[in-house]
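Q: Quick one: the structure is below, questions incoming.
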Amino acid sequence: MSDTVARKVIGAHLLDGRMEPGEEISIRIDQTLTQDATGTLVMQELEALHLDRIKTELSAQYVDHNLLQADEKNAEDHEFLRTAALRYGLWFSKPGNGVSHPTHMQRFGVPGKTMIGSDSHTPAAGSLGMLAIGVGGLEVAMAIAGQPLHLRMPQIWGVELTGRLPDWSSAKDVILEMLRRHGVKGGLNRIIEYHGEG
């Protein structure tokens with residue numbers, strides 16, 4: 001099997017295990033992202049780990065979910081995230097700077113890097129040639145502290161695109177067709193790479 005983009009990125013970051021689908025592997029993580037709805041628990045975990053500074057190349061804390069100030073709780077949470085990011089060396093994106101995943105892709109996306117995030121849209125950075133995986137807050141905290149990510153080697157699906165889309169169609173229609181064929185859980189523990197002339 002020739003190496004796909006995902007296999008190349010995983011291979012360059014592999015610390016332990018065999019790159020066979022379903023096998024347990026450990027990989028080094030270059031970047032992390034969190035957002036305000038999940039970041040508070042990540043920062044509390046960093047406190048519990050007695051971390052001095054981040055061990056990743058880059059970690060970012062975004063405030064993009066709870067922007068409305070209905071009471072003092074959001075403001076207090078945002079201030080906690082800001083000061084924790086400063087303390088540990090995370091890049092902090094204040095409310096109004098943009099949504100985490102596209103902002104991160106625009107500012108920090110680098111082909112060939114690994115990234116995990118505590119936001120369900122983290123895998124969007126895969127469009128840049130990154131290995132980007134959505135995980136829980138504990139996994140993000142451990143990666144920030146320099147620990148590898150442990151996971152099962154995903155299956156890699158190659159989807160060859162040929163021809164042209166009909167008028168008034170877009171790439172989203174291709175994705176919707178994949179969802180129709182495979183369901184919303186069809187991509188679990190899989191990486192889907194699109195290639196071809198289409």
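The values are calculated or read from the model by the stated rules, or taken from the named source; none is laboratory data. Nothing here was measured: the structure is a model prediction, and the numbers come from that model. Neighbour counts are summed over all protein chains in view; Cβ atoms, including those assigned to glycine, are modelled from backbone coordinates with ideal geometry.
Q: Determine whether the stretch 173-184 contains at least one residue that is outside the structural domain of GLU57 (by TED's automatic domain parsing), assigned to a loop (DSSP other than H, G, I, E, B) and over 25 Å from GLU47 (Cα atoms). Reasoning before the result, please.
A: First, the residues of the stretch 173-184 that are outside the structural domain of GLU57 (by TED's automatic domain parsing): 173-184.
Next, only the ones that are assigned to a loop (DSSP other than H, G, I, E, B) stay: 183-184.
Now drop any that are not over 25 Å from GLU47 (Cα atoms), which leaves 183-184.
Yes, some residue in the stretch 173-184 is outside the structural domain of GLU57 (by TED's automatic domain parsing), assigned to a loop (DSSP other than H, G, I, E, B) and over 25 Å from GLU47 (Cα atoms).
Yes/no per residue for (1) loosely packed, with under 15 Cβ neighbours inside 10 Å; (2) aromatic (Phe, Trp, Tyr); (3) under 22 Å from ASP30 (Cα atoms); (4) in contact with a Leu (Cβ under 7 Å, 6 or more places away or on another chain):
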site	(1), (2), (3), (4)
THR103	no, no, yes, no
PHE108	no, yes, yes, yes
LEU128	no, no, yes, no
ALA143	no, no, yes, yes
LEU179	yes, no, no, no
GLY196	yes, no, no, yes
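Q: Moving to a separate point now. Check ILE156, ILE133, ILE116, ILE54 and return the single one that is in contact with a Phe, Trp or Tyr (Cβ under 7 Å, 6 or more places away or on another chain), buried (at least 18 other Cβ atoms within 10 Å of the Cβ) and either outside any helix (DSSP H, G or I) or modelled with pLDDT under 95 (or both). Step through it out loud before you land on a result.
A: Working: ILE156 fails: in contact with a Phe, Trp or Tyr (Cβ under 7 Å, 6 or more places away or on another chain); ILE133 fails: in contact with a Phe, Trp or Tyr (Cβ under 7 Å, 6 or more places away or on another chain); ILE116 fails: in contact with a Phe, Trp or Tyr (Cβ under 7 Å, 6 or more places away or on another chain).
After ruling out the rest, the residue left standing is ILE54.
Q: Condition test on ALA141, is it among the small types (Gly, Ala, Ser) and either assigned to a helix (DSSP H, G or I) or not assigned by TED's automatic domain parsing to the domain that holds GLN35 (or both)? Outline the logic, then answer.
A: On the way: among the small types (Gly, Ala, Ser): yes; either assigned to a helix (DSSP H, G or I) or not assigned by TED's automatic domain parsing to the domain that holds GLN35 (or both): yes.
The answer is yes for ALA141.
Q: Return a yes/no flag: does the stretch 82-101 have any residue that is modelled with pLDDT under 95, part of a helix (DSSP H, G or I) and hydroxyl-bearing (Ser, Thr, Tyr).
A: Looking through the stretch 82-101, at least one residue is modelled with pLDDT under 95, part of a helix (DSSP H, G or I) and hydroxyl-bearing (Ser, Thr, Tyr).
Q: Which one of these does SER93 not meet: (1) in contact (Cβ under 8 Å) with a residue 40 or more places away in the chain; (2) crowded, with 17+ Cβ neighbours inside 10 Å; (3) more than 13 Å from the chain's Cα centre (by Cα)?
A: Exception for SER93: condition (1).
Q: Filter the stretch 1-44 down to the residues that are more than 17 Å from the chain's Cα centre (by Cα) and small (Gly, Ala, Ser), then identify the one that is surrounded by the fewest Cβ atoms within 10 Å (Cβ to Cβ).
A: Among those residues, the one meeting the criterion is SER2.
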